[in-house]
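I have placed the structure first, in the form of structure tokens, so that the comments after it can refer back to it.
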Amino acid sequence: MMEEREFTIVNRETPRLESADKATGLGKYTDDLTVPNMAYAALVRSPHSYAKVLGIDTSEAEKIPGYLGCALPEESPQEYFNCSGNPPSPLLMADEKVLTDEPLVLGDRVAIVAAETEAAARAAAEAMKVEYEVIAPMLDVKSALAPNAPALQPHIAPNNIVQRREVSQGDIAVGEASSDIIEEGHFVTPAMQHTTIELTCCVVDFSDGEHMTIYSCSQTVFQERRILAEIFGLKEVDVHIVKPLVGAGFGARQQLHAQHAAALISRKIARPVKLLYSREEEFYSVMRHASDVDLRIGADKNGRLQLFDTTFRLNAGPYTTHTPTVVAAAARKLQYNVPNYSFTGLSVFTNHITGGAFRGYGNTQLTFGREILMDRLAQRLNIDPVEFRLMNHVQVGQCFPCASIPVSSNGIEECARRCRQLQREIDEKEPLVDNDEIRQAWGIAFSCHGSGPSSKEGLSGAIIMLNADATVHLLVGSADIGQGSETMECQIAAECLGIPLKSVQITAADTHLTPYNTGTFGSSQTFICGNAVKLACDDLKQKMIEQLRLIYPDCKVEEKEHIYYISGCEESKMNFEEAARKILFDPKGGVPIGVGSYKAAACPNPFAVCFVKAEYHKKLNALRLLDIIQVVDVGTPINRLTVAGQLEGGIAQGVGYALYERMEINPRSRRTLSTDFLHYRIPQMGDMPRTYVDMVSSHDPYGPCGAKSVGELATVPVAPAIVNAARRASGMEISSLPLCDKFVILPTERGSVK
């Protein structure tokens with residue numbers, strides 16, 4: 001196992017390379033960009049959740065000063081496509097059009113207009129008169145599955161069930177018979193918006209109808225290139241996508257948003273266009289799926305799990321997008337040994353806002369109910385809830401239920417030990433209170449995720465080139481969406497080559513310049529792209545050795561610990577810089593280029609333990625969060641500062657999920673009310689308790705420099721840990737979110753983040 005002292009660049013707290021530009025405002029996001037002769041576009045969206053377009057009158061829009069033109073449904077490509085940025089898969093079904101005259105969801109794209117200014121474009125969009133036949137929407141799974149419910153996508157799902165996924169091992173009847181105690185529950189979690197800081201934006205030039213250039217806040221530039229080429233009948237080489245700085249993604253930019261519509265109007269007016277969403281439009285975009293879950297977990301009297309049985313339903317909205325793959329991911333995220341396991345997953349079409357990729361990808365919804373039942377079981381068995389989880393946890397060499405790849409590293413016990421240590425330190429300063437007014441309690445939850453997509457679809461290439469001054473230029477296709485992946489990839493390169501971090505320059509996510517990358521999703525970039533970078537560095541070092549052997553044909557040349565030794569004819573040694581200059585400038589030298597390609601052969605699991613301290617005010621029926629502890633096993637952290645930031649951000653997102661966030665629907669009009677931050681509550685500083693994050697020492701044999709992923713892991717255990725604390729403090733059983741429906745949520749006394 002590599003120890004921390006063996007690294008010089010990796011496993012350090014390193015500021016991100018782009019931090020100064022972001023802090024000073026010099027960084028360029030998509031909306032900061034302009035191109036010559038650029039116009040502006042705005043979408044005409046359906047104000048109804050389910051309707052048919054009877055007619056569109058453009059006459060008033062044409063009167064707006066600066067109006068340039070519009071594109072209507074009949075001008076849109078008529079072939080169905082799937083907007084998901086995942087690689088082609090039978091789980092991703094073609095069911096969407098660029099523009100539609102049969103809107104199936106609030107905000108569906110009906111038309112697009114262009115004008116000389118953004119204000120004029122929005123005014124023209126508002127002036128478009130669209131006549132609709134309104135149809136009663138089906139916003140929840142129950143109504144969509146009713147016997148006489150209309151089929152929203154009859155060519156895919158005549159009964160609105162997009163897909164039924166069944167995964168099992170063992171025998172459920174045997175599990176029931178072997179269980180002395182069975183806990184069961186019905187768990188409901190709401191849809192949740194990504195609420196990224198940056199609004200969705202793209203600049204598209206398809207003015208010649210043959211070549212398309214796009215600047216866009218994207219997580220999957222190569223997948224989007226593929227989809228756009230298919231929609232417009234282009235070769236992929238004729239579609240050029242560049243990713244500027246991105247103000248967060250969380251899965252929101254893992255699929256096409258409106259680049260195709262912008263391309264349509266750009267071609268029609270023969271000018272490049274910029275399309276910027278409003279915050280209201282963001283709320284019409286994809287979100288975390290609402291879930292409806294039935295779950296049973298059984299254990300014998302000794303505390304050994306015997307049964308896990310669940311029916312897992314996701315509200316897909318009207319388009320499949322990611323829903324079947326989210327269900328598939330949820331099916332294989334159980335980190336406990338259970339001999340009898342059954343998972344039935346249903347993806348259901350409704351007229352709700354479309355469900356898509358979101359941090360946690362199915363794991364969040366299932367872990368919520370699972371960890372609540374694990375707590376109830378531990379209490380009934382009179383076993384410490386931490387020990388109960390540990391005694392049933394998978395170990396190195398074992399597989400998750402229905403999974404085929406063994407666990408390669410596991411620091412969960414150390415995570416739990418460190419959490420308990422921090423818990424004791426907190427309680428020594430502020431002992432638990434239990435009186436007539438207030439009762440305080442701790443709640444816990446375990447979680448896991450994967451390093452890369454569970455389907456092994458993760459693929460990344462990397463190229464590293466020598467410069468004349470012995471610095472290197474790294475080319476990767478991965479998209480940094482604010483998580484700091486470019487800095488970490490540079491750290492890996494610097495560590496592998498034995499050079500200073502400042503000697504590595506990076507270009508990323510440009511489909512004309514950088515090698516292919518599946519995309520930034522599934523907690524994949526550190527592991528998948530990081531491995532590609534390591535392999536490219538290894539290739540560069542080997543080619544440098546080969547070049548030195550040409551220069552010194554009678555000598556023995558080898559590399560050890562970043563020093564190139566020449567022996568046998570003349571004794572000498574060179575560091576990387578000296579070797580690079582010799583190779584580039586010697587008459588017998590050359591230009592070595594390192595190339596690496598990594599296809600995910602493994603999906604190592606990072607693990608997390610989360611402790612939450614909460615207090616219940618009995619007379620007020622109020623809940624206050626006091627402390628949150630999260631300790632993770634992410635292998636060897638590439639950048640400890642970035643990992644800590646990911647943990648703190650993930651915790652904040654989990655707090656919002658637990659306490660406040662949901663899409664509100666007017667019961668009378670059956671329309672979504674949550675279209676801004678007045679009607680959709682996200683955590684504020686006063687909602688965040690004292691937060692403690694830490695990483696245990698670990699090393700995964702498959703990861704670059706021993707690293708595993710962290711991006712999605714941090715959010716998953718927070719909500720169930722909060723609920724378990726609230727249950728123990730209040731004595732109430734809780735099976736749904738958000739908690740503001742059940743309690744008055746009190747502001748916290750904000751403390752430091754440690």
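Of the residues making up the stretch 675-698, those that are surrounded by fewer than 18 Cβ atoms within 10 Å (Cβ to Cβ) and part of a loop (DSSP other than H, G, I, E, B) are Asp676, Phe677, Leu678, His679, Ile682, Gln684, Ser697. Among the residues of the stretch 528-574, those that are in contact with a helix residue (DSSP H, G or I) (Cβ under 7 Å, 6 or more places away or on another chain), in a helix (DSSP H, G or I) and more than 30 Å from Gly458 (Cα to Cα) comprise Gln547, Leu548, Ile551. Of the residues making up the stretch 652-667, those that are farther than 12 Å from Arg359 by Cα, in contact (Cβ under 8 Å) with a residue 60 or more places away in the chain and either part of a helix (DSSP H, G or I) or among the charged types (D, E, K, R) (or both) are Val655, Gly656, Ala658, Leu659, Glu661, Arg662.
Okay, residues lined up against (1) in a helix (DSSP H, G or I); (2) surrounded by fewer than 24 Cβ atoms within 10 Å (Cβ to Cβ); (3) on the phi > 0 side of the Ramachandran plot:
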{"position": "Arg165", "(1), (2), (3)": "no, yes, no"}
{"position": "Glu184", "(1), (2), (3)": "no, yes, no"}
{"position": "Val188", "(1), (2), (3)": "no, yes, no"}
{"position": "Val204", "(1), (2), (3)": "no, no, no"}
{"position": "Ile214", "(1), (2), (3)": "no, no, no"}
{"position": "Ser218", "(1), (2), (3)": "no, no, no"}
{"position": "Glu224", "(1), (2), (3)": "yes, no, no"}
{"position": "Leu228", "(1), (2), (3)": "yes, yes, no"}
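What about Gly360, is it within 30 Å of Leu91 (Cα to Cα), outside any strand (DSSP E or B) and in contact with an Asp or Glu (Cβ under 8 Å, 6 or more places away or on another chain)? Taking the combined requirement at face value, the residue satisfies it. Of all the listed residues (Ala445, Ala493), the sole one being under 23 Å from the mean Cα position of the chain (by Cα) and surrounded by 24 or more Cβ atoms within 10 Å (Cβ to Cβ) is Ala445. Screening the candidates Gln646, Gln630 for the property of being in contact with a Leu (Cβ under 8 Å, 6 or more places away or on another chain) and polar (S, T, N, Q) yields one hit, Gln630.
The residues on offer are Ala177, Ala149, and the sole one that is surrounded by fewer than 17 Cβ atoms within 10 Å (Cβ to Cβ), over 25 Å from Ile372 (Cβ atoms), of a type in the set (Gly, Ala, Ser) and free of Cβ contacts under 8 Å to residues at least 60 places away in the same chain is Ala149. For Ser572, the conditions (1) under 30 Å from Cys448 (Cβ atoms); (2) free of Cβ contacts under 8 Å to residues at least 12 places away in the same chain; (3) small (Gly, Ala, Ser) all hold with the exception of (1).
Can you find even one residue in the stretch 45-68 that is touching a Pro at 6+ places or on another chain (Cβ under 9 Å), under 18 Å from Thr100 (Cα atoms) and among the aromatic types (Phe, Trp, Tyr)? The answer is yes; a qualifying residue exists. For the stretch 464-485, the set of residues classified as surrounded by 22 or more Cβ atoms within 10 Å (Cβ to Cβ) and among the hydrophobic types (A, V, I, L, M, F, W, C) consists of Ile464, Leu466, Val472, Leu474, Val476, Ala479, Ile481, listed by residue number.
Of the residues that make up the stretch 27-39, is at least one under 30 Å from Arg671 (Cα atoms), touching a Lys or Arg at 6+ places or on another chain (Cβ under 8 Å) and hydroxyl-bearing (Ser, Thr, Tyr)? Scanning the stretch 27-39 turns up no residue that is under 30 Å from Arg671 (Cα atoms), touching a Lys or Arg at 6+ places or on another chain (Cβ under 8 Å) and hydroxyl-bearing (Ser, Thr, Tyr). Are any residues in the stretch 707-746 surrounded by fewer than 24 Cβ atoms within 10 Å (Cβ to Cβ) and part of a helix (DSSP H, G or I), and if so, which ones? Matches in the stretch 707-746: Arg727, Arg728, Ser730, Leu739, Cys740, Asp741. On the stretch given as the stretch 377-406, residues that are within 15 Å of Val338 (Cα to Cα), assigned to a loop (DSSP other than H, G, I, E, B) and in contact (Cβ under 8 Å) with a residue 40 or more places away in the chain total 7.
Among the candidates Ala125, Ala157, the residue that is in contact (Cβ under 8 Å) with a residue 12 or more places away in the chain, surrounded by 16 or more Cβ atoms within 10 Å (Cβ to Cβ), at negative phi and over 30 Å from the mean Cα position of the chain (by Cα) is uniquely Ala125. The set of residues in the stretch 448-492 being free of Cβ contacts under 8 Å to residues at least 60 places away in the same chain and part of a loop (DSSP other than H, G, I, E, B) consists of Asn467, Asp469, Thr471, Ser478. The criterion of at least 3 residues that are within 28 Å of Ala479 (Cβ to Cβ) is met by the following strands (runs of 3 or more DSSP E) wholly inside the stretch 249-333: 273-276, 305-317.
Quick note: the coordinates plus some simple rules give every number you see, no bench work behind them. Since we're looking at a predicted model, the values are computed, not measured. Every residue, glycine among them, receives a Cβ derived from its backbone with ideal geometry; neighbour counts consider all protein chains shown.
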